[in-house]
Amino acid sequence: MLAGKRILLIVAGGIAAYKTPDLVRHLRERGAVVRCVLTDGGAQFVTPLTLGAVSEDKVYDSLFSLTDEHEMGHINLSRQADALLVAPATANMLAKIAQGLADDLATTLLLATDKPVLVAPAMNVRMWGHPATQANIDTLAGRGVTVIGPNEGDMACGEYGMGRMSEPLEIAAAIENFFAANGRLTGSRALVTSGPTYEPIDPVRYIANRSSGKQGHAIAEALMRLGTKTTLVTGPTQQPDPPGVQVVHVESARQMLVACEAALPAEIAVCAAAVADWRVDTQTDQKLKKNTGAPPPPLMMTENPDILQTLSNAKNTRPGLVVGFAAETENVIANAQAKLARKGCDWIVANDVSPNTETFAGDANTVHLVTADSVEDWPRLSKAEVGERLADRIADALEAGHG
Ligand code: CTP
């Protein structure tokens, strides 16, 4: 998600510096190349050896090292980055950046750079609340610096409040969002459904299906990475919430419809959820008891709302591009074409979910993109790749004026 992005991480002198090796790891896991700069204060909390090991690069820590200046001047250090990230950004560091001080390598780099700067503040609650710090934050935000966090919580000093540095995963997600904000779909909104629905029988039992949510989650993530403000409405799954995506957890089809309607307006809707067609009409408030010998209780079913069809036919709030899925076990294309016409959506992503394809639980998918006048057969791809390809096709369509 951050493939090839070069991040210069400046670690200042706060206790939260102990979290930065983890932050480096998360950024690198996402494909970023991370180079670290350590202030003198930062070096009190985390060693160059640790940051060097996790970044697999030299750690820069002194403005006056002749070898460093010879090999890599401070201007070059920031020139060779796509963004500068200050984490933790202490009150002192924020004040220096706001004032344009340049008394060490870190602050010199920050003054010399023309690259985007992101800061993750970390300090005591009173220092954060102090008008001086707040004025500095306003100044920096006014100059286009992106401020990540801070969070509210327990502090190393024993107090409680705002000022805890955002967790490494949150910072990594914010960086992804930052890069995604320059993406092809920036400024648009997307709604994605994912996972199964659970339809209750009684307070402890329910009817469900085998959807893993992998495909829907991958689509939401891919759309987010292109810069779309994405809401993912998901039934119960084992999938983690994709960072950077607004996730709404639901159980039943009716809850899913309510959550989808609340997420409108959106320019893009992708319905990848395996919504139960029926729910139990005879749902009870108390657990059904087994009366040995007596016949089992009959389950009466009633039809669920069709979310894809509802969104496709919404009068004022219809998303410009509505994409459905067709889970089929036979006549895949013909059934998908019929579904496209019946539901009133723009595209159908058709896939064969016969047990031998292992589509439901697996990581790969073979799909066909069916539109009103064409059928595209895609090769077998990972679900992540299907998500990326679909997001790219959606971006093409929006750029061409669809929606
Ligand atoms: N869908 C929906 N709401 C429902 C049922 C389905 O939004 N109550 C959506 C799915 O998310 C998918 C598409 O409709 O995008 C097709 O789902 P599928 O289960 O393949 O089709 P059904 O309409 O249920 O038809 P059938 O089960 O007869 O194939």
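Hey, does the stretch 15-32 have a residue that's modelled with pLDDT of 95 or more and assigned to a loop (DSSP other than H, G, I, E, B)? It would help to see each step written out before you state the result.
At the first step, the residues of the stretch 15-32 found to be modelled with pLDDT of 95 or more are 15-29.
Among the residues that remain, those that are also assigned to a loop (DSSP other than H, G, I, E, B) are: none.
Within the stretch 15-32, none of the residues are modelled with pLDDT of 95 or more and assigned to a loop (DSSP other than H, G, I, E, B).
State whether the residues of the stretch 378-394 include one that is within 14 Å of the ligand (Cβ to nearest atom) and acidic (Asp, Glu).
no
For the stretch 1-54, how many residues meet the condition of being in contact with a Cys (Cβ under 8 Å, 6 or more places away or on another chain) and among the basic types (Lys, Arg)?
The qualifying residues number 0.
Across the stretch 33-42, what is the total count of residues that are surrounded by 17 or more Cβ atoms within 10 Å (Cβ to Cβ) and outside any strand (DSSP E or B)? Full working, then the answer.
Kept after step one, since they are surrounded by 17 or more Cβ atoms within 10 Å (Cβ to Cβ), are these residues of the stretch 33-42: 33-39, 41-42.
Applying the additional criterion that residues be outside any strand (DSSP E or B) yields 39, 41-42.
Matching residues across the stretch 33-42 total 3.
Scan the stretch 391-399 and tell me whether some residue there is under 21 Å from Lys339 (Cβ atoms) and more than 21 Å from the chain's Cα centre (by Cα).
Of all residues in the stretch 391-399, those under 21 Å from Lys339 (Cβ atoms) come to 393-394, 397.
Those still in the list that are more than 21 Å from the chain's Cα centre (by Cα) too: 397.
The answer is yes; a qualifying residue exists.
Pick from Lys96, Lys115: which is more than 26 Å from the chain's Cα centre (by Cα) and among the basic types (Lys, Arg)? Show your work before the answer.
On the way: Lys115 fails: more than 26 Å from the chain's Cα centre (by Cα).
Being more than 26 Å from the chain's Cα centre (by Cα) and among the basic types (Lys, Arg) holds for just one of Lys96, Lys115, which is Lys96.
Would you say Val192 is farther than 27 Å from Gly13 by Cβ, surrounded by fewer than 24 Cβ atoms within 10 Å (Cβ to Cβ) and out of contact with any His (no Cβ under 6 Å at 6 or more places or on another chain)?
Values: farther than 27 Å from Gly13 by Cβ: yes; surrounded by fewer than 24 Cβ atoms within 10 Å (Cβ to Cβ): no; out of contact with any His (no Cβ under 6 Å at 6 or more places or on another chain): yes.
No; evaluated as a whole, the condition is false for this residue.
Kindly provide the set of residues from the stretch 123-148 that are modelled with pLDDT under 95 and among the small types (Gly, Ala, Ser), ordered by number.
Residues satisfying the conditions are Ala141, Gly142, Gly144.
The values are calculated or read from the model by the stated rules, or taken from the named source; none is laboratory data. As the structure is a computational prediction, the values presented were derived from the model and not from experiment. All Cβ positions, glycine included, derive from the backbone under ideal geometry; neighbour counts span all protein chains shown.
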